[in-house]
Amino acid sequence: MTSPSDAAPLQIRGAAIRRGDRELWQGLDLDVAPGELVAVLGPSGSGKTTLLRAILGLQQLSAGSITALGQPVRGHGNRRIGYLPQARPLPAETSMRGRDLVSLGIDGHRFGLPFPRRGDRARTDELIDAVGARAFADKPVGILSGGEQQRLRVGQALAGSPRLLLCDEPLTSLDLANQQAVVGLIDAHRRTGAGVLLVTHDVNPVLEIVDRILYIANGQFTLGTPQEVLTTEVLSELYGAPVYVLEAGGRLVVIGAPDAEQTAHHHDDHEGDDA
């Protein structure tokens, strides 16, 4: 008999998403196992962010089903799922302290004013220490660097010790050192037995910790290990056009794909772009 801790945190069966008369993808079957990290790649507009929204219950499937943490996904957000958004800087005038941002992951779901409960501050301090944010936790978040803000967002996402963590371009705009720091925090949580689904435009920063890749393009998808998916032959078939996977300077670079985001160049995969 499978215990709850052994069950797949995420199960997707026959899923399809249609936007107007356009089918983003269909027939998607995916299980994310405890302790597994699946990276989601593909050009802008392929439906990567939409997939995360469907798992959160914010986007309706046109077919199929999603089970998250043992429960069918409903038409509302799920507080039991950790969510780490893109690393977009908060406005400079934002006066909220760093610890307040983290604490929203603990008490932000309450109705009315989020009066602290016994143990909330201790949990906030624990999360702040876990993401290495002690030195700037009491500063206004608006004056913090993008990397410091993203560390705090990681703390917020991990507040409920989620068994499923969804990451939507969490490394965007971060320098190499902060990318490595955030990747290390995600990997550490994955090692506690959480399943992780991570959308990214550049797989290189997370390549060493990725178990499988879901690559969506041209209304189709392929799923497998990085060695199985990131090949010239597989991506050329997926795109229906010549695509080349090269290794340069220890990085994988995809050349010839219709959307240039598949190279190592910077690209913001905005919600409006990734339908």
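The values are calculated or read from the model by the stated rules, or taken from the named source; none is laboratory data. Owing to the predicted nature of the structure, the values given are computational and were not obtained by experimental measurement. With ideal geometry, Cβ positions are generated from the backbone for all residues, glycine too; neighbour counts draw on all protein chains shown.
Search segment 194-218 for residues that are over 27 Å from GLY160 (Cβ atoms) and pair each with any residue that is outside any loop (DSSP other than H, G, I, E, B) and of a type in the set (Lys, Arg) when their beta-carbon atoms are under 8 Å apart and the residues are at least 6 apart or on different chains.
The qualifying pairs are ASN204/ARG251; ILE216/LYS48.
State yes or no: is ARG163 more than 28 Å from GLU247 (Cα to Cα), among the charged types (D, E, K, R) and under 14 Å from the mean Cα position of the chain (by Cα)? Can you show your working first?
Details: more than 28 Å from GLU247 (Cα to Cα): yes; among the charged types (D, E, K, R): yes; under 14 Å from the mean Cα position of the chain (by Cα): yes.
When the stated conditions are applied, ARG163 passes them.
For ARG117, work out the one condition from (1) in a helix (DSSP H, G or I); (2) modelled with pLDDT under 95 it doesn't fulfil.
So ARG117 meets the others, but not (1).
For segment 58-98: of the residues being within 20 Å of HIS189 (Cα to Cα) and of a type outside the set (A, V, I, L, M, F, W, C), which is farthest from the chain's Cα centre (by Cα)?
Let us first name the residues in segment 58-98 that are within 20 Å of HIS189 (Cα to Cα), namely 68-70, 78-87.
Filter again for of a type outside the set (A, V, I, L, M, F, W, C), leaving 70, 78-80, 82-83, 85-86.
Details: GLY70: 20, ASN78: 15, ARG79: 15, ARG80: 15, GLY82: 9, TYR83: 7, PRO85: 7, GLN86: 8 Å.
Only one residue tops the list, namely GLY70.
Looking at this structure, is GLY132 on the phi > 0 side of the Ramachandran plot and either over 13 Å from the mean Cα position of the chain (by Cα) or in a helix (DSSP H, G or I) (or both)? Before the answer, list the steps.
Numbers: on the phi > 0 side of the Ramachandran plot: yes; either over 13 Å from the mean Cα position of the chain (by Cα) or in a helix (DSSP H, G or I) (or both): yes.
Yes, satisfied.
For segment 135-152, how many residues meet the condition of being part of a helix (DSSP H, G or I) and of a type in the set (Gly, Ala, Ser)?
4
Kindly provide the set of residues from segment 1-57 that are touching a residue at least 40 places away in the same chain (Cβ under 8 Å) and of a type in the set (Asp, Glu), ordered by number.
GLU23, GLU36
Tell me yes or no: at least one residue of segment 166-185 is β-branched (Val, Ile, Thr) and either at pLDDT 95 or above or under 27 Å from ASP31 (Cβ atoms) (or both). I'd like the intermediate steps shown before the answer.
Our first condition is that a residue be β-branched (Val, Ile, Thr); within segment 166-185, this holds for 172, 182-183.
Next, from what is left, pick out any that are either at pLDDT 95 or above or under 27 Å from ASP31 (Cβ atoms) (or both): 182-183.
Checked against the condition, which is being β-branched (Val, Ile, Thr) and either at pLDDT 95 or above or under 27 Å from ASP31 (Cβ atoms) (or both), segment 166-185 yields at least one hit.
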